[in-house]
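The values are calculated or read from the model by the stated rules, or taken from the named source; none is laboratory data. Here the structure is a predicted model, which means the values were calculated and not measured. Reconstructed Cβ throughout: ideal geometry from the backbone, glycine too, with neighbour counts over all protein chains shown.
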Amino acid sequence: MFDAALRPFIDRVLNPAGHALARPGVSANQVTILGFGFGLAAAVAVASGATLLAALLFSANRVCDGLDGAVARVCGPTDLGGFLDITLDFIIYSALVLGFAFADPVNATAAAFLIFSFVGTGTSFLSFAIIAQKRDISTDIRGKKSFFYMGGLTEGLETIIFLMAVIIMPALFNPLAWIFGVLCLITTATRIGYAVRRLSGPADSSTGE
């Protein structure tokens, strides 16, 4: 919901670091994979009940997620980079939720519901991106991306805030997971509605969301 508004500020903050990393030859994909490692380690820490370590590792994952885009803006984006960026993000989000189920079986039902809701947001996001590419529909309000980024009530920032909140306050996982899962389902429903309105007519070439 707030990703588009914050994007210019985030880019200004991270672009100097992107230039610094690109100068010695660090690639965006290397940063993405490093961040993925931090994310998986954070999920293990969640499952182990290591709250502080999980928060630090997830923070490192999110920093890498921003830095890979900054490096890509210097070196040029690639199709592989776009694929890795979104795929590994979805894996990490779900792995963290799974970690809460392993940490306490009481969390299992809420975790299953939340992962179910993530399937809705993820598939609606990616399936529209495929059709948008086919129809040459584009937008840059969230910065230059490898494919169309569909908005919604629960985007990247909201997901990060939720995950960091439950990592820091694991006792609140159950109620917050149910609430956030419902918000994700609302996001899925609004995206489906948008797709029905936008894609019902003949294919055309247009720009904007």
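Cβ separations smaller than 7 Å between residues 6+ apart or across chains give the following pairs from the stretch 103-115 residues that are without any contact (Cβ under 8 Å) to a residue 40 or more places away in the chain to residues that are surrounded by 15 or more Cβ atoms within 10 Å (Cβ to Cβ) and not basic (Lys, Arg): 108/101; 115/94; 115/97.
In the stretch 53-76, the residues that are in contact (Cβ under 8 Å) with a residue 60 or more places away in the chain and under 22 Å from residue 22 (Cβ atoms) reach residues that are of a type in the set (S, T, N, Q) and assigned to a helix (DSSP H, G or I) with C-beta atoms within less than 9 angstrom, at least six apart or across chains, in these pairs: 73/15. Kindly evaluate residue 31 against the criterion of being farther than 30 Å from residue 199 by Cα, in contact with a helix residue (DSSP H, G or I) (Cβ under 9 Å, 6 or more places away or on another chain) and assigned to a helix (DSSP H, G or I). Spelling it out, residue 31 is indeed farther than 30 Å from residue 199 by Cα, in contact with a helix residue (DSSP H, G or I) (Cβ under 9 Å, 6 or more places away or on another chain) and assigned to a helix (DSSP H, G or I). Exactly one residue out of 181, 193 is part of a helix (DSSP H, G or I), modelled with pLDDT of 95 or more and more than 22 Å from residue 49 (Cα to Cα): that is 181. Taking the conditions (1) within 25 Å of residue 129 (Cβ to Cβ); (2) assigned to a helix (DSSP H, G or I) in turn, residue 102 satisfies each one other than (1).
From 126, 157, which residue is out of contact with any Cys (no Cβ under 6 Å at 6 or more places or on another chain), modelled with pLDDT under 95, within 24 Å of residue 59 (Cβ to Cβ) and not hydroxyl-bearing (Ser, Thr, Tyr)? I'd like the intermediate steps shown before the answer.
On the way: 126 fails: within 24 Å of residue 59 (Cβ to Cβ).
After applying the criteria, what remains is 157.
Of the residues contained in the stretch 70-81, one or more are found to be in contact with a Leu (Cβ under 6 Å, 6 or more places away or on another chain), in a helix (DSSP H, G or I), modelled with pLDDT under 95 and over 23 Å from residue 115 (Cα atoms).
In the condition set (1) more than 25 Å from residue 125 (Cα to Cα); (2) at pLDDT 95 or above, residue 91 is compliant with all but (1).
Within the stretch 38-69, how many residues are part of a helix (DSSP H, G or I) and either of a type in the set (S, T, N, Q) or closer than 15 Å to residue 99 by Cα (or both)? Don't jump to the end; show me each part of the working.
To start, the set of residues in the stretch 38-69 that are part of a helix (DSSP H, G or I) comprises 38-48, 51-69.
Adding the requirement that they be either of a type in the set (S, T, N, Q) or closer than 15 Å to residue 99 by Cα (or both) leaves 38-48, 51-55, 57-59, 61.
Within the stretch 38-69, residues that are part of a helix (DSSP H, G or I) and either of a type in the set (S, T, N, Q) or closer than 15 Å to residue 99 by Cα (or both) number 20.
In the stretch 95-105, is there at least one residue being among the charged types (D, E, K, R), surrounded by 15 or more Cβ atoms within 10 Å (Cβ to Cβ) and closer than 20 Å to residue 159 by Cα? There is no residue in the stretch 95-105 that is among the charged types (D, E, K, R), surrounded by 15 or more Cβ atoms within 10 Å (Cβ to Cβ) and closer than 20 Å to residue 159 by Cα. Exactly one residue out of 40, 67 is at pLDDT 95 or above and either closer than 20 Å to residue 26 by Cβ or out of contact with any strand residue (DSSP E or B) (no Cβ under 9 Å at 6 or more places or on another chain) (or both), and it is 40.
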